[in-house]
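See below for the structure under consideration.
The values are calculated or read from the model by the stated rules, or taken from the named source; none is laboratory data. The shown structure was predicted, so the numbers you read here are calculated from the model rather than taken from an experiment. Cβ: placed from backbone, ideal geometry, glycine included. Neighbour counts: every protein chain shown. Protein only, heavy atoms only, side chains kept; ligands, DNA and RNA dropped before computing areas. Shrake-Rupley method; radii C 1.70, N 1.55, O 1.52, S 1.80 Å.
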Amino acid sequence: MSGSTAPILITGAGQRLGLHCAERLLDDGQPLIFTYRSEREGVQRLRQRGACAIHADFSSEAGILAFVEQLKGHTDSLRAIVHNASDWEAETPGHEAEVFQRMVSVHMLAPYLINLHCEALLRRSKPADIIHIGDDVTRSGSAKRPAYCASKAGLDSLTLSFAARFAPAIKVNGIAPALIQFNPGDSAEYRVKRLAESALGIEPGAEVIYQSLRYLLDNPYVTGTTLTVNGGRHLV
């Protein structure tokens, strides 16, 4: 782990994987800035631990750029940016374009603009990283959520492009999770079905994502790579 005093930025850290990674970084003594869209118990928990919270709406260019200006008011350097903010919405008849545009804005335009506008902040830290949290679904496609899947696939492409653009000063990598943890309301039948989709057949929990994040942050010789964290789902 590096001894950088520059903060790490995690987008969408109010719940689930983002919250877990944020808390683990704080456990490691890492200064942290995070974004949230809705007030949640996790947001307050991170504030109480000393993390800097910034409300952000990534569904439009204006919202993204407004966030960047706020961020620059809090710090003049960044150790890393972890693009975790995500939206999960299926297209409905008559609203396909609206959903598609929102998915692209959250999953592609926000990382794209934030990376470009925060390059100087990252270059003031050594080492420096950008990590895109994608989705293993891009490997096979999604009949139910093609807009979500397409926008996450675009994020995978941005990983390659920014890795080439920012080398050697800034490493850029991705993480592509499949099933990591269930929601409390998921039925026993649903859980059995989903667990059978991977070779390892377990619900690993959010720590495996933090372990992947930690590896990418600490390894000085990995860039332009997306780590697949799917329990061998591609083998089944």
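Any chance the range 210-219 includes a residue that's modelled with pLDDT of 95 or more, surrounded by fewer than 21 Cβ atoms within 10 Å (Cβ to Cβ) and under 27 Å from Ala66 (Cα atoms)?
The answer is no; no qualifying residue exists.
So which residues in the range 177-196 are in a helix (DSSP H, G or I), open to solvent by less than 80 Å² (accessible area, probe 1.4 Å) and aliphatic (A, V, I, L, M), if there are any at all?
Selection gives Ala188, Leu195.
So, restricting to strands (runs of 3 or more DSSP E) that lie completely within the range 1-74, which ones have at least 2 residues that are open to solvent by 50 Å² or more (accessible area, probe 1.4 Å) and in contact (Cβ under 8 Å) with a residue 60 or more places away in the chain?
The strands (runs of 3 or more DSSP E) meeting that bar number zero.
Looking at (1) farther than 30 Å from His95 by Cα; (2) open to solvent by 30 Å² or more (accessible area, probe 1.4 Å); (3) not aromatic (Phe, Trp, Tyr), can you tell me which one Val137 breaks?
(1)
Given the options Asp136, Asp87, name the one that is out of contact with any Phe, Trp or Tyr (no Cβ under 8 Å at 6 or more places or on another chain), in contact (Cβ under 8 Å) with a residue 40 or more places away in the chain and among the acidic types (Asp, Glu).
Result of the check over Asp136, Asp87: Asp136.
List the pairs whose first member sits in the range 164-175 and is in contact (Cβ under 8 Å) with a residue 40 or more places away in the chain, whose second member is part of a strand (DSSP E or B) and among the acidic types (Asp, Glu), and whose Cβ atoms are under 7 Å apart, counting only residues at least 6 apart or on separate chains?
Once the first residue is in contact (Cβ under 8 Å) with a residue 40 or more places away in the chain and sits in the range 164-175, its partners that are part of a strand (DSSP E or B) and among the acidic types (Asp, Glu) give Ile170/Asp129; Lys171/Asp129.
Quick one: is Tyr148 farther than 22 Å from Asn230 by Cβ, assigned to a helix (DSSP H, G or I) and open to solvent by 10 Å² or more (accessible area, probe 1.4 Å)?
no
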